[in-house]
Amino acid sequence: MCADHIEIVPLDSWDTLIQHLRTSSYDVADYFYRGQGDPNWALVPTLQRKLTYPIRARELYTARMYDYLRAFRDHAHGLVGFPDGLTTLDPLLTLGRHHGLVTPLLDWTRSPYIAAFFALAEDVARNANMPLHGEFDPSLARARGGTATVAIWRYQIRGDGSVGNELRIYTEVGFPNARQKAQSSVYMHLDTHEYQSVDGLLIARDRAADLQKWVIDVPDVHDAIADLALMNIHIGTMFPDLSHAAQHANNRMTYPELFF
């Protein structure tokens, strides 16, 4: 493979993905995974999506990041789940990102199956014009047998996974966090104003060989989601809190055949 592009691995079915994982040299210590509901999307953190590129100075990128962090800390301080005295940058970023804050972080996971769950859930939500983690309604979505084409990115870890000071990996948040534990989460911090996407940075730094994009054609989203639920990967386990437990209970009671 040339170092100036990302290798794309086409997988023509859900079963092909499962077989690919079974037969490849798979070790959770060697790779991180990220699922996305659209294979055309680049690896762009939410903060970078809010900015207009090119950015002429790093100070503009940094100032915007701290604007979001200050607003989050002001609103979250004193709430259950927000650690007392939390002021340092990295834990604030990871906690905020895990709860939807706009940050320069991308969520990854050590599990390709968890990555697949988020890719499929994102596809269902996007095509049904519904919240990603809301109450499921198959009359609005395609999960009763609809098709999907999703992506799973695989990042090979070399050393600590970082690329100089421009891309850093956080494997710990520094305090107990049930979501991180449930999702086997790791975080990728794109800390540069020069590149909008992780894949763009890796290509520019001659590290494209560390990244693969698996493009999966899923002929039946329902079957794939049911398989993941049998692995205990569903909204109730990925988001271990009372609101998602209630949502999962509503979905199971209303649409038990979907195992969602």
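Restricting attention to the stretch 169-190, the residues that are buried (at least 18 other Cβ atoms within 10 Å of the Cβ) and not small (Gly, Ala, Ser) add up to 11. Using the structure shown, decide if Thr62 is under 28 Å from Thr237 (Cβ atoms) and either of a type in the set (A, V, I, L, M) or not in a loop (DSSP other than H, G, I, E, B) (or both). Answer is no for this residue. Residue under question is Asp191, and the condition is that it be at pLDDT 90 or above and under 19 Å from Leu106 (Cβ atoms); does it hold? Answer is yes for this residue. Counting just the residues of the stretch 19-48 that are in a helix (DSSP H, G or I) and at pLDDT 95 or above, which one comes out surrounded by the most Cβ atoms within 10 Å (Cβ to Cβ)? Ranking the candidates gives Gln48 first.
Residues in the stretch 207-222 include at least one that is among the charged types (D, E, K, R), closer than 29 Å to His99 by Cβ and outside any helix (DSSP H, G or I). Of the candidates Thr192, Thr237, Thr171, the single residue that is out of contact with any Lys or Arg (no Cβ under 7 Å at 6 or more places or on another chain), β-branched (Val, Ile, Thr) and farther than 26 Å from Glu7 by Cβ is Thr237. Residue count for the stretch 228-242 satisfying the condition of being surrounded by fewer than 17 Cβ atoms within 10 Å (Cβ to Cβ) and farther than 19 Å from Ser185 by Cβ: 2.
The values are calculated or read from the model by the stated rules, or taken from the named source; none is laboratory data. This structure is a prediction, so every number in the text was calculated from the model and none was measured. FYI the Cβ positions are ideal-geometry reconstructions off the backbone, even for glycines, and counts take in every protein chain you see.
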